[in-house]
Amino acid sequence: MKQEVTVDLNNPALYINRELGLLEFNWRVLQQALDTNVPLLERLNYLCISSTNLDEFFEVRVAGLIQQIEIGDPYLEADQITAQECLKLINQRAHELVEEQYKILNEVLLPELEQEAIQILPRSQWTDEHNKWLKKYFREEILPILSPMGLDSAHPFPRLLNKSLNFIVSLVGKDAFGRDRGYAILQAPRALPRVIQLPEDVCNEGEYKFVFLSSIIHAFAEDLFFGMKVKGCYQFRVTRNSDLAIDTEETSDLLATIADELTLRNYGDEVRLEIAHNCPEDMVEFLRNECAMESDNVYLVNGPVNLSRIQAVSSLVDRPDLKFKPFSQGRPAGLSTDTDIFAALRKQDMLLHHPYQSFTPIIELLKQAATDTSVLAIKQTLYRTGAKSPIVDALVSAAQAGKEVTVVIELRARFDEEANVALAARLQEAGAHVVYGIVGYKTHAKMMLVLRRENGKLRRYAHLGTGNYHRSTSRIYTDYGLLTSDKQIGEDVNNLFIQLTSLGKIPQMHKLLHAPFTLHEGLLNKIAREIEHAKAGKPAHIIVKVNALVEQEIIQAFYRASMAGVKVDLIVRGICCLKPGVKGLSENIKVRSIIGRFLEHTRVFFFENDGSPEVWAGSADLMKRNLLRRVETCFPIESKKLRERIIDDLNVYLSDNTQAWLLNEDGRYTRTTRSDNEDVISAQTTLLELMAKTY
């Protein structure tokens with residue numbers, strides 16, 4: 001009889017650090033900038049996205065670690081790396097990433113763009129004609145807005161806006177009051193574009209020429225300091241802690257508190273300092289001391305410190321051949337533009353797969369509900385929605401038409417707080433009931449409920465999704481949305497809304513799993529069931545597709561499943577703290593990440609279940625915060641046709657050999673390779689061809 005091997009699943013060596021995992025995701029995004037199969041201007045966009053991602057990483061993750069060190073709160077994830085150790089590892093990897101970003105920009109992308117007659121001109125390449133136009137532009141469009149600040153006891157080093165473009169200027173000579181000057185600080189207002197396109201009359205036909213705002217300010221800085229000589233002018237940028245510091249237990253008005261905190265976001269504690277690489281050492285030290293930064297948090301960069309702003313070039317260049325081919329989103333056969341959606345859903349459930357299929361049917365459902373005299377009430381959660389949202393327009397129309405409209409808005413959706421505060425005010429003015437979720441638990445569930453009177457009885461129509469009610473992101477994020485009139489799912493959704501508004505307990509759910517109550521335990525039970533099937537020699541297979549896998553108990557359950565012989569396929573876009581392929585532990589687990597044109601955002605769970613497969617989709621990633629500290633939903637796909645469709649989608653992802661990256665035991669990723677005679681398979685391209693129309 002084979003003796004069962006005992007493994008200490010709490011051993012820190014079995015886990016990958018989550019922060020380093022997030023940096024590795026950003027590295028995979030950056031590699032898209034080197035992929036010659038990707039159109040050139042899209043490669044430039046990937047470079048900028050990697051920079052934006054890194055900004056947010058410092059604003060939130062690094063800032064959080066620094067705070068934990070300051071207050072003596074131990075940062076200990078499953079890998080047991082301390083906050084201090086984690087910061088050292090982050091600094092090392094982040095410096096490598098930044099160096100690679102600028103190397104790709106300067107040595108790869110800019111030369112390739114120049115070959116396509118798209119050029120960002122350094123000052124050394126300005127012609128007399130360029131110089132004349134730029135000097136005029138500086139004096140008319142830039143200089144009047146600038147406010148340089150000479151530093152002295154009456155003008156101390158200023159408190160700089162988060163991620164603003166700044167310059168430190170070294171001056172020689174006497175100011176207007178006869179005093180010797182040393183340094184001045186110049187902050188570029190955010191109203192100024194960071195990339196300026198030269199007009200056609202100073203370019204050859206078919207050429208696109210651009211100049212960085214920083215280059216123009218460098219060139220004409222002396223115009224700001226009349227009578228003094230500019231010895232040097234160097235750009236720099238400060239990144240600050242941008243997480244809102246709100247004690248939800250101590251505030252009586254969350255809306256007002258968040259509105260107040262938003263004004264302070266731009267002035268949080270410093271966490272990173274970026275400076276032009278050619279800045280003299282004494283000036284670097286001056287800036288470092290003024291910003292109270294450790295040397296490890298100073299980044300000397302060979303290019304614009306606000307790297308993400310180069311993304312403007314793509315929108316300014318009219319070269320369709322250098323961009324992704326446009327596509328027209330498809331629609332399910334039963335949801336044409338003139339369909340009575342309520343009638344269609346009484347016949348069958350509908351599954352939307354964005355961005356391959358349009359988000360419009362969801363908007364149409366709300367619009368029909370707003371004008372339908374049989375509709376009595378609409379309930380919806382909003383997390384990230386967008387400033388100009390047709391969803392909100394429809395909800396406002398419904399409220400103004402006398403419908404009972406209840407909206408649960410999560411004000412604490414990071415970096416969308418300001419938009420959500422405005423949305424809340426607009427909905428309240430229209431007469432909708434607006435609540436802000438539950439104190440201490442973010443409402444991250446994506447759900448909508450329409451109550452309609454039919455033949456003297458109430459009938460519920462529900463939408464449950466894996467992504468936000470945001471029309472713009474529905475064209476770039478992959479998400480599933482289930483539309484159903486199933487009675488028990490409708491009751492479950494209604495009960496969950498009642499809990500969100502009344503804060504009371506709710507009856508046991510018929511079909512939904514929901515956090516923070518049944519989702520975590522429910523997933524663990526389903527993994528345990530696969531383990532029992534494997535031990536009994538029955539078919540056992542798990543496929544999970546999520547954005548992040550961090551929660552320790554779930555990881556341990558996957559490890560136990562692997563040791564029992566369950567085949568486990570994990571498609572994890574971002575952070576994965578599980579180590580695959582470890583002998584005697586995770587040999588049956590494979591982890592892949594898909595990085596492509598669209599941001600993978602679907603959360604799907606497949607369980608073989610001894611030949612009676614189950615498929616679930618939901619709003620939650622496998623993270624402690626999602627499973628235990630948020631309101632989330634996970635819903636079954638009960639239609640055999642729709643279930644098989646999702647399984648087919650998952651198998652396409654598992655077959656991808658062009659955009660897939662495989663996780664190694666050491667936490668690094670290797671891009672998939674294929675043999676010369678192997679068919680090229682891209683999951684996103686396959687699904688695009690299957691469900692959407694390109695043109």
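Condition first: small (Gly, Ala, Ser), assigned to a helix (DSSP H, G or I) and surrounded by fewer than 21 Cβ atoms within 10 Å (Cβ to Cβ). Can you find one or more residues in the stretch 3-13 that meet it?
yes
Go through the stretch 475-570 and tell me which strands (runs of 3 or more DSSP E), entirely inside it, have 3 or more residues that are in contact with a strand residue (DSSP E or B) (Cβ under 8 Å, 6 or more places away or on another chain), in contact (Cβ under 8 Å) with a residue 40 or more places away in the chain and farther than 23 Å from residue 630 by Cα.
541-546
Working only within the stretch 657-670, note down all residues that are open to solvent by 50 Å² or more (accessible area, probe 1.4 Å) and closer than 25 Å to residue 646 by Cα.
Once the filter is applied, which keeps residues that are open to solvent by 50 Å² or more (accessible area, probe 1.4 Å) and closer than 25 Å to residue 646 by Cα, the stretch 657-670 yields only 662.
Quick one: what pairs do we get from the stretch 143-166, first residue over 22 Å from residue 213 (Cα atoms), second part of a strand (DSSP E or B) and modelled with pLDDT under 90, C-beta under 7 Å, 6+ apart or different chains?
Close Cβ pairs satisfying both conditions: 151/183; 155/149.
Any idea which residue in the stretch 609-623 is farthest from the chain's Cα centre (by Cα), counting only those that are surrounded by 18 or more Cβ atoms within 10 Å (Cβ to Cβ) and either assigned by the TED database to the domain that holds residue 486 or in contact (Cβ under 8 Å) with a residue 60 or more places away in the chain (or both)?
So, considering only residues that are surrounded by 18 or more Cβ atoms within 10 Å (Cβ to Cβ) and either assigned by the TED database to the domain that holds residue 486 or in contact (Cβ under 8 Å) with a residue 60 or more places away in the chain (or both), the one farthest from the chain's Cα centre (by Cα) is 616.
Filter the stretch 40-76 for residues that are under 22 Å from the mean Cα position of the chain (by Cα) and among the charged types (D, E, K, R); which is most open to solvent (accessible area, probe 1.4 Å)?
Ranking the qualifying residues of the stretch 40-76, first place goes to 56.
Run residue 81 past the list (1) in a helix (DSSP H, G or I); (2) surrounded by 16 or more Cβ atoms within 10 Å (Cβ to Cβ) and report the number of the one that doesn't hold.
It fails just one condition, (1).
Quick check on my filter: what residues within the stretch 477-510 are aliphatic (A, V, I, L, M) and either modelled with pLDDT of 95 or more or open to solvent by less than 10 Å² (accessible area, probe 1.4 Å) (or both)?
482, 483, 489, 493, 496, 500
Filtering the stretch 367-398 down to residues that are closer than 18 Å to residue 329 by Cβ and part of a helix (DSSP H, G or I), which residue is least open to solvent (accessible area, probe 1.4 Å)?
391
I need the full set of residues from the stretch 624-651 which are under 18 Å from residue 516 (Cβ atoms), open to solvent by 10 Å² or more (accessible area, probe 1.4 Å) and either in contact with a Leu (Cβ under 6 Å, 6 or more places away or on another chain) or of a type in the set (D, E, K, R) (or both), in order please.
624, 625, 629, 630
Tell me, which residue of the stretch 440-474 that is assigned to a strand (DSSP E or B) and hydrophobic (A, V, I, L, M, F, W, C) is farthest from residue 327 (Cα to Cα)?
458
Please state which one of 453, 471, 459 is within 23 Å of residue 342 (Cα to Cα), surrounded by fewer than 20 Cβ atoms within 10 Å (Cβ to Cβ) and touching a Phe, Trp or Tyr at 6+ places or on another chain (Cβ under 6 Å).
471
Scan the stretch 33-56 and report the pairs whose first residue is under 19 Å from residue 92 (Cα atoms) and assigned to a helix (DSSP H, G or I) and whose second residue is of a type in the set (Lys, Arg) and open to solvent by 20 Å² or more (accessible area, probe 1.4 Å), with Cβ atoms within less than 7 Å and a gap of 6+ or a chain change.
Once the first residue is under 19 Å from residue 92 (Cα atoms) and assigned to a helix (DSSP H, G or I) and sits in the stretch 33-56, its partners that are of a type in the set (Lys, Arg) and open to solvent by 20 Å² or more (accessible area, probe 1.4 Å) give 55/163.
Within the stretch 450-468, can one find any residue that is touching a His at 6+ places or on another chain (Cβ under 7 Å) and among the acidic types (Asp, Glu)?
No, the stretch 450-468 has no match at all.
Being touching a Ser or Thr at 6+ places or on another chain (Cβ under 9 Å) and either under 30 Å from residue 673 (Cβ atoms) or not aliphatic (A, V, I, L, M) (or both) is the filter here; which residues of the stretch 595-624 pass it?
Within the stretch 595-624, 596, 597, 598, 599, 600, 601, 602, 603, 604, 618, 619 qualify.
Given the criteria within 29 Å of residue 217 (Cβ to Cβ), more than 22 Å from the chain's Cα centre (by Cα) and in the same structural domain as residue 209 (by the TED database), does residue 88 qualify?
No, not satisfied.
Tell me, which residue of the stretch 671-695 that is open to solvent by 70 Å² or more (accessible area, probe 1.4 Å) and polar (S, T, N, Q) is farthest from residue 599 (Cα to Cα)?
677
If you go through the stretch 266-292 one residue at a time, how many are open to solvent by 20 Å² or more (accessible area, probe 1.4 Å) and either closer than 19 Å to residue 107 by Cβ or touching a Cys at 6+ places or on another chain (Cβ under 6 Å) (or both)?
Matching residues across the stretch 266-292 total 3.
I'm checking my understanding of the structure. Among residues of the stretch 293-305 that are in contact with a Phe, Trp or Tyr (Cβ under 9 Å, 6 or more places away or on another chain) and not in a strand (DSSP E or B), which one is most open to solvent (accessible area, probe 1.4 Å)?
302
Would you be able to tell me the number of residues in the stretch 571-590 that are out of contact with any Phe, Trp or Tyr (no Cβ under 8 Å at 6 or more places or on another chain) and part of a strand (DSSP E or B)?
3
Give the residue that is surrounded by the fewest Cβ atoms within 10 Å (Cβ to Cβ), with candidates limited to residues of the stretch 309-358 that are part of a strand (DSSP E or B) and of a type in the set (Gly, Ala, Ser).
328
Among the residues of the stretch 217-231 satisfying the criterion of being outside any loop (DSSP other than H, G, I, E, B) and among the small types (Gly, Ala, Ser), which is least open to solvent (accessible area, probe 1.4 Å)?
Ranking the qualifying residues of the stretch 217-231, first place goes to 221.
In the set 573, 592, which member is on the phi < 0 side of the Ramachandran plot and open to solvent by 40 Å² or more (accessible area, probe 1.4 Å)?
573
The values are calculated or read from the model by the stated rules, or taken from the named source; none is laboratory data. All figures in this text were calculated on a predicted structure; none of them were measured in a lab. As a convention, Cβ positions derive from the backbone with ideal geometry for all residues, glycine included, and neighbour counts pool all protein chains shown. Please note that ligands, DNA and RNA were not included when accessible areas were found on the heavy atoms of the full protein model with its side chains. Shrake-Rupley method; radii C 1.70, N 1.55, O 1.52, S 1.80 Å.
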